[in-house]
Amino acid sequence: MNAGTQRVAQVLRERGHTGDIVELPQSAHTAAQAAAALGCSADQIAKSLVFRTASGEAVLVIASGSGRVDETRLAEVVGEPVALADAEFVRERTGFAIGGVAPVGHLEPLPVWIDEALLRHETLWAAAGHPRTVFRLTPDELLSLTAGRVIAVR
């Protein structure tokens, strides 16, 4: 288990999550790849996307794997322009590589916004610190683990 996945596992344990981290047979950098490997819908993939605000802050959006984030709408919620962060910024702020960004276990606290579309599913899957690791959770667990605020991101 790599350092990022170990960090996620520790945070999950500390916050009372009892599910296991699953290692996929191949890398799942995209929601479609993860869904195919797990045998679920891309809608059930809780993809963690890091955005950079105009003032240089990091914002985490946990979106449904099948959807795109409307940056204009997100900017309205955040209160300033945003853009999808580059790989270096993501690693610097979260400690994870793109494709393996988990909803928890970041190097620094981030404001978290959760796509309301995720709340429609009984089961979700999220990255666990590496593009080959995931964990299963419910929408309620996602809200509890992240203290995220629910918004319409599309």
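The values are calculated or read from the model by the stated rules, or taken from the named source; none is laboratory data. Source: prediction; values computed, not measured. Positions of Cβ are backbone-derived with ideal geometry, glycine not excepted, and every protein chain shown enters the neighbour counts.
For S27, are the conditions met, namely being touching a residue at least 12 places away in the same chain (Cβ under 8 Å) and assigned to a loop (DSSP other than H, G, I, E, B)? In short, yes.
Scanning segment 34-64 for residues that are assigned to a strand (DSSP E or B), more than 18 Å from E88 (Cβ to Cβ) and among the aliphatic types (A, V, I, L, M) yields a total of 5.
In segment 40-66, the residues that are within 19 Å of L124 (Cα to Cα) never reach a residue that is at pLDDT below 95 and aromatic (F, W, Y) with C-beta atoms less than 7 angstrom apart, at least six apart or across chains.
For (1) of a type outside the set (S, T, Y); (2) under 14 Å from I114 (Cβ atoms); (3) within 17 Å of the chain's Cα centre (by Cα), each residue gets a yes or a no:
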site	(1), (2), (3)
I45	yes, yes, yes
L49	yes, yes, yes
R52	yes, no, yes
G56	yes, no, no
V59	yes, yes, yes
S66	no, no, yes
T72	no, no, no
E76	yes, no, no
P81	yes, no, no
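The residues in segment 112-154 that are closer than 20 Å to V69 by Cβ and not aliphatic (A, V, I, L, M) can be counted, and the count is 12. Quick check on E80: is it out of contact with any helix residue (DSSP H, G or I) (no Cβ under 8 Å at 6 or more places or on another chain), among the charged types (D, E, K, R), more than 20 Å from G4 (Cα to Cα) and in a loop (DSSP other than H, G, I, E, B)? Against the criterion (out of contact with any helix residue (DSSP H, G or I) (no Cβ under 8 Å at 6 or more places or on another chain), among the charged types (D, E, K, R), more than 20 Å from G4 (Cα to Cα) and in a loop (DSSP other than H, G, I, E, B)), E80 qualifies.
Has segment 88-96 got any residue that is farther than 20 Å from A152 by Cα, of a type in the set (F, W, Y) and under 13 Å from the mean Cα position of the chain (by Cα)? Yes - at least one qualifying residue is present in segment 88-96.
All of V78, V8, V82 fail the test of being crowded, with 20+ Cβ neighbours inside 10 Å, at pLDDT 95 or above and within 16 Å of V101 (Cα to Cα), apart from V8.
Screening T123, T138, T146 for residues that are under 25 Å from L38 (Cβ atoms), touching a residue at least 40 places away in the same chain (Cβ under 8 Å) and over 11 Å from the mean Cα position of the chain (by Cα) leaves exactly one candidate, T123.
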